[in-house]
Every structure is written in structure tokens, then in C-alpha cells.
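This report refers to the structure that appears directly beneath it.
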Amino acid sequence: GPWNVVVTKIGSPAGTVSDEITVEPAPPHPTVTAITPNRACDRGVVNITNLAGSRFQQGATVKLTRGGATDIAATNVTVVSATKITCRFDPTDAPRGQWNVVVTNPDGQSGTLANGFGVRTCLYMPTTLKR
């Protein structure tokens, strides 16, 4: 809300300017509550059909983070609504295990779903056709 500014000089009376500064709370940060699917193979792209949460803003970015590893930035990020984002990740050759899901709004506020996404090794068996 509004605040008064008081200026004081030694030996002189104080001067006051009323309602000169307005202090507003920082915008609330987004929250990330779930991601679908919540895991992928370490080979190829995965389409995220529902990154759920709240307070998502148009222009938000999404990434996967994990200590000691390079972040995996999402592509094709679409803020469907304030509670849903769709996007794509490519975890090819990423370290296996759990990753944090981070959404950052254009205003700089971010929210994290700790260990919300898993990268796993998937074995691909060649198919042999016999007659």
C-alpha cells in the first residue's frame, strides 16, 4: 500500500510527502504439481501432454534440472491455460534418474516440482521377420 516519505535535515523541521511510494507484493510464483507422462527413455523425444500447476503465464519456459547435469530445455512450449502447459523434451543421453521440473514465467518467478520427471534406459530390440 501507500507510504509517506519523511525527509529530516538536522536543525530543520521534518517535511512529509503523503502517499508518495506504493509498495506492492511480488506476483505469486507459479506452482508445478504434476507432469504427464512423468518419465521417458533416454533415447528420443517425449511429448508432455499435461504439465499441471497454477499461475502459468503466456511466454513461460520449462526445463528439467538435475545437479551436476546440463539442463534439458523444453521445446514447443504452449501455455494452454494458467493451469496447463504442453511441451516436448529430448532426454537423449541424459543421466538416468529423477529430474526437477521447472517452470519460469516471463516475470522471473519460477516454480519447481522436485524429482517430478524420470529418465530411464530403454532397450530396443531389433525385430527380425522370418518366413
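Here, each number is a calculation from the coordinates, and none is a lab measurement. Please read these numbers as outputs of a predicted model, since none were measured by experiment. All Cβ positions, glycine included, derive from the backbone under ideal geometry; neighbour counts span all protein chains shown.
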Completion exercise
Net charge near VAL32 (other residues with Cβ under 12 Å of its Cβ; Lys, Arg +1; Asp, Glu -1) is +3
Exercise for the section: Please identify, among GLY11, GLY68, GLY118, the residue showing maximal mean-square fluctuation in a Gaussian network model of the chain using a 10 angstrom Cα cutoff. Expected result: GLY11
Practice task
Report, in debye and to the nearest 20, how large the dipole of the chain comes out about its Cα centre when Lys and Arg carry +1 and Asp and Glu carry -1 on their Cβ.
Solution key: 980 debye
Handout entry: Relative contact order, percent, the chain [alpha-carbon distance under 8 Å, six or more residues apart]
Key = 25 percent
Problem - Around CYS122: net Lys/Arg minus Asp/Glu count, Cβ-Cβ under 13 Å - result: +2
Fill in the blank from the handout: For semi-axes √(5λ) of the Cα gyration tensor in Å the list reads [x] 22, 18, 14; [y] 50, 15, 10; [z] 33, 17, 12; the calculated value is entry [y]
Completion exercise
Placing each pseudo-label 7 Å from Cα in the direction of the beta carbon, VAL6 and ASP93 end up separated by a distance in nanometres of 6.4 nm
Fill in the blank from the handout: Free-by-geometry Cys in the chain, Cβ-Cβ under 4.7 Å as pairing rule, reported as CYS87
